[in-house]
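Comments concern the structure below.
The values are calculated or read from the model by the stated rules, or taken from the named source; none is laboratory data. Please read all numbers here as calculations on a predicted model, not as lab measurements. We place every Cβ from the backbone using ideal geometry, glycine too, and count neighbours over all the protein chains shown. Just so you know, the surface numbers come from the protein's heavy atoms only, side chains and all, with ligands and any DNA or RNA stripped out. Shrake-Rupley method; radii C 1.70, N 1.55, O 1.52, S 1.80 Å.
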Amino acid sequence: MRCFTVLGPSQAGKTTLVRALAALDGDGVATESLGLLSLTEFGYLGERWCALDLPGGADYAALARGPLMASDAAILCVPPDPDAAMLAAPYLRVIEASGTPCFIFINRMDSARARVREVVAALQGYTAHAIVLRQIPIREGDTVVGAVDLISERAWRYREGQHSTLVELPQSGPVAEREAEARAALLEAMSDYDDELLEELIEDRIPATGALFEIASREFSANVVMPALMGSAEKSNGITRLMKALRHETPDASVLRERLAAGGPAPAAVAFFAEIRKHLGKVVAVRALADGIATGHPLGGGNLGGLVTCAGAHPASLAPGAVAMAVKSDQLSAGRPLLADRMPDRPDWAEGQAPSLARVLIPDSERDEVRLSAALARLVEVDPNIATTTEDETGQPVLIAQGPMHLRHLLGVLEEDFGIKVETRTPQVPWRETIARPVEVRYRHRKQTGGAGQFADVALTVRPQPRGDGFAFDETVKGGAVPRNFFPSVEAGAEEAMQRGPLGFPVIDIAVTLTDGKHHAVDSSDHAFRTAARMGVREALTEAGPLLLQSIDRVTIHVPSVCSGALVGLVSGLKGQVLGFDRDPDLRGWDVFRANLPASARDELLHALAGATQGTAWIETRFDHFEEVYGREAEEVSKARLAALAAH
């Protein structure tokens, strides 16, 4: 069995294409869904195939890494519109990074208005691989009615829902001229990777058709070019030619196994997708890459449980290349190569982009809080493209997804498979406060009870520290006014006072010095000095000119180059600071845009980027520093915070 993944932007017709390919022979077609992934097994001319299909949309481009780990080839399905090339760019990026040989299929040619060469030129702007046209369209007016194969030099006329009809290739006129020009360009591109063909072209000899097909197969398998074919999946036009190209040029699973080894041990199998099913547990899609994959045998550090094929069969073992769902095999994780005794790290290219859309999850029922934590842990097991954490202040769980569509899917899984319905909100912004000037304060804590009393007197100097230096404590007490054994209690009390400042937020970057004090031989205690220090520092914070600090993130935006210019105004409008941008050295057609941005603007940035780049950009963020906020904004933030604290 050979396996391929079909990728492309939304509404490109991927699922229709898979159905059309599977229907060519109609031999043993079986389908299975595993979360967002659809698997379709079918036969063609006596050979078995498995097609993997993910939903379109920029959120899901990152999820393509799993299926590509199990694929001998990829098909990038695109509409016949040059303007849609940017929507295909995220998929080209991940396909190219994976090293998977790829066909480009220009779909819906029956409605094409642009020239095919314009579509190819637009796509070429996003890949370092040469995109080579294998076909040119035959038009009657503005309508595409057929195609010419540039290797065999045969012309085909489309028939809706039927195999195309072989027609005579014109020997003169516009079609003949375009065919000659396009074929020359194809052969020139192929000769870049084949010395014998280059020699034939230099000597003006006509290459044999059979030899050209062999060269095309070798070059596709070696992943040095991206052939472009065309048709209409809905009308079954061009589908047979695409399937024949797959059949003759797609390498077998041994090539994939070598690619995944990457100089290390060759994996016996690969786990490429997973989901949690109600009443069944974890189900993992596995593709065998070598002999010995059998139920009860070691795989991934444990024994392999049951196997279920797309057709519902329960085989005892899998032949190399075969795909099945593994159950009762909780040791397996999605997106990992598999050896008998362990799961090696996934390849660097398969790590994917970090999720960026964070939401706090609030279960409808308090009884579900514990169940929610367990459910999120299970989700992380099956989806390497998400992350979970907890909100610092509330301790509530935070789910981080690739985008809004991915988040919506995950919330649906929580409700349908785990029975947990949740509300969501954006995480709280990590505001802090500090002080503007040094102050000196003296505080005496005295309390008399029926027994021993409490007494502690401290003189403190509280001063601001450079940003990022944190908290510091020292003492300059002379003459034993405060015994040394109480110094740790004074320090602890000062730190407690920093948990909430006069503006309502944690206090950072201050230094406290114990300069003097008094003690009582009987009534002084650790508790008394701790209390005195806490209350004294609180007084000092109020007198020292509280300053509100906002968290500033260092943001790296990966964006198609055509959109970079628009980001300058976008970031500035969010009160960010543009640091610059450069061409991405590893990705053609992409820029790396760098900025500092208030953490409070992160959600606005994601929303604005989705509009400005049609969902193609993605971001990486990390905390950079805190900076002061003044005026009305500071007053409003502090007022809202204090009101919220009072309400609780």
*Keeping to segment 559-591, report how many residues are open to solvent by less than 40 Å² (accessible area, probe 1.4 Å), among the β-branched types (Val, Ile, Thr) and closer than 16 Å to Met86 by Cβ.*
1
*Residues of segment 604-619 being among the small types (Gly, Ala, Ser) and surrounded by 11 or more Cβ atoms within 10 Å (Cβ to Cβ), which ones?*
Ala608, Ala610, Ala612, Gly615, Ala617
*Starting from residues that are surrounded by fewer than 14 Cβ atoms within 10 Å (Cβ to Cβ) and either among the hydroxyl-bearing types (Ser, Thr, Tyr) or touching a residue at least 24 places away in the same chain (Cβ under 8 Å) (or both), keep the ones in segment 159-184 and report whichever is farthest from Met109 (Cα to Cα).*
Ser172
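From the set of residues in segment 438-464 that are outside any strand (DSSP E or B) and out of contact with any Lys or Arg (no Cβ under 9 Å at 6 or more places or on another chain), which is most open to solvent (accessible area, probe 1.4 Å)? Steps first, answer last, please.
In the first step, residues of segment 438-464 are kept if they are outside any strand (DSSP E or B); the result is 438, 448-453.
Of the ones still in play, those that are also out of contact with any Lys or Arg (no Cβ under 9 Å at 6 or more places or on another chain) are 448-452.
Values: Gln448: 135, Thr449: 67, Gly450: 94, Gly451: 52, Ala452: 70 Å².
Among those that are outside any strand (DSSP E or B) and out of contact with any Lys or Arg (no Cβ under 9 Å at 6 or more places or on another chain), it is Gln448.
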_Exclusive hit being open to solvent by 40 Å² or more (accessible area, probe 1.4 Å), in contact with a Lys or Arg (Cβ under 9 Å, 6 or more places away or on another chain), without any contact (Cβ under 8 Å) to a residue 60 or more places away in the chain and within 26 Å of Pro466 (Cβ to Cβ), set Arg594, Arg622_ = Arg594
*Can you find even one residue in segment 476-485 that is among the charged types (D, E, K, R), surrounded by fewer than 18 Cβ atoms within 10 Å (Cβ to Cβ) and within 30 Å of Trp618 (Cα to Cα)?*
no
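Could you list, in sequence order, all residues of segment 374-392 that are in contact with a strand residue (DSSP E or B) (Cβ under 9 Å, 6 or more places away or on another chain), not in a loop (DSSP other than H, G, I, E, B) and not polar (S, T, N, Q)? Full working, then the answer.
Taking segment 374-392 and keeping what is in contact with a strand residue (DSSP E or B) (Cβ under 9 Å, 6 or more places away or on another chain), we get 375-391.
Filter once more, so that each one left must be not in a loop (DSSP other than H, G, I, E, B): 375-382, 387-390.
Listed by number, the residues that qualify are Ala375, Leu376, Ala377, Arg378, Leu379, Val380, Glu381, Val382, Ala387.
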*Of all the residues that make up segment 393-418, how many are within 19 Å of Ala354 (Cβ to Cβ) and assigned to a loop (DSSP other than H, G, I, E, B)?*
2
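Conditions (1) more than 22 Å from Gly66 (Cβ to Cβ); (2) free of Cβ contacts under 8 Å to residues at least 12 places away in the same chain; (3) more than 20 Å from the chain's Cα centre (by Cα); (4) buried (at least 16 other Cβ atoms within 10 Å of the Cβ), marked per residue:
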{"residue": "Ile293", "(1), (2), (3), (4)": "no, no, yes, yes"}
{"residue": "Leu299", "(1), (2), (3), (4)": "no, no, yes, yes"}
{"residue": "Pro320", "(1), (2), (3), (4)": "no, no, yes, yes"}
{"residue": "Pro337", "(1), (2), (3), (4)": "no, no, no, yes"}
{"residue": "Gly352", "(1), (2), (3), (4)": "no, no, no, yes"}
{"residue": "Arg367", "(1), (2), (3), (4)": "yes, yes, yes, no"}
{"residue": "Val370", "(1), (2), (3), (4)": "yes, yes, yes, no"}
{"residue": "Val382", "(1), (2), (3), (4)": "no, no, no, yes"}
{"residue": "Ile386", "(1), (2), (3), (4)": "no, no, no, yes"}
*Scan segment 191-223 for residues that are touching a residue at least 60 places away in the same chain (Cβ under 8 Å), open to solvent by less than 90 Å² (accessible area, probe 1.4 Å) and not aliphatic (A, V, I, L, M) and report the count.*
4
_Take the residues in segment 584-598 that are touching an Asp or Glu at 6+ places or on another chain (Cβ under 8 Å) and at pLDDT 95 or above; name whichever of them is farthest from Ala97 (Cα to Cα)._
Pro598
*Within segment 74-99, restricting attention to residues that are in contact with a Lys or Arg (Cβ under 9 Å, 6 or more places away or on another chain), on the phi < 0 side of the Ramachandran plot and not in a helix (DSSP H, G or I), which residue is most open to solvent (accessible area, probe 1.4 Å)?*
Asp81
*Any chance you could count how many residues in segment 1-58 are β-branched (Val, Ile, Thr), in contact with a helix residue (DSSP H, G or I) (Cβ under 6 Å, 6 or more places away or on another chain) and either surrounded by fewer than 24 Cβ atoms within 10 Å (Cβ to Cβ) or on the phi > 0 side of the Ramachandran plot (or both)?*
2
*Based on what the data block shows, is Ala452 out of contact with any strand residue (DSSP E or B) (no Cβ under 6 Å at 6 or more places or on another chain), more than 30 Å from Phe626 (Cα to Cα) and touching a residue at least 60 places away in the same chain (Cβ under 8 Å)?*
yes
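Please determine, by comparing only the residues of segment 59-73 that are part of a helix (DSSP H, G or I) and touching a Leu at 6+ places or on another chain (Cβ under 9 Å), which one is surrounded by the fewest Cβ atoms within 10 Å (Cβ to Cβ). Please lay out each step first, then the result.
Applying the first criterion (part of a helix (DSSP H, G or I)) to segment 59-73 yields 59-60, 62-69.
Remaining after also requiring touching a Leu at 6+ places or on another chain (Cβ under 9 Å): 59-60, 63-64, 66-69.
Values: Asp59: 25, Tyr60: 22, Leu63: 27, Ala64: 26, Gly66: 29, Pro67: 27, Leu68: 27, Met69: 27.
Among them, the one singled out is Tyr60.
Counting only residues that are among the aliphatic types (A, V, I, L, M), within 38 Å of the chain's Cα centre (by Cα) and modelled with pLDDT of 95 or more, give me the strands (runs of 3 or more DSSP E) lying completely in segment 465-568 with at least 2 of them.
Details: elements: 472-475, 510-518, 546-560.
Those strands (runs of 3 or more DSSP E) span 546-560.
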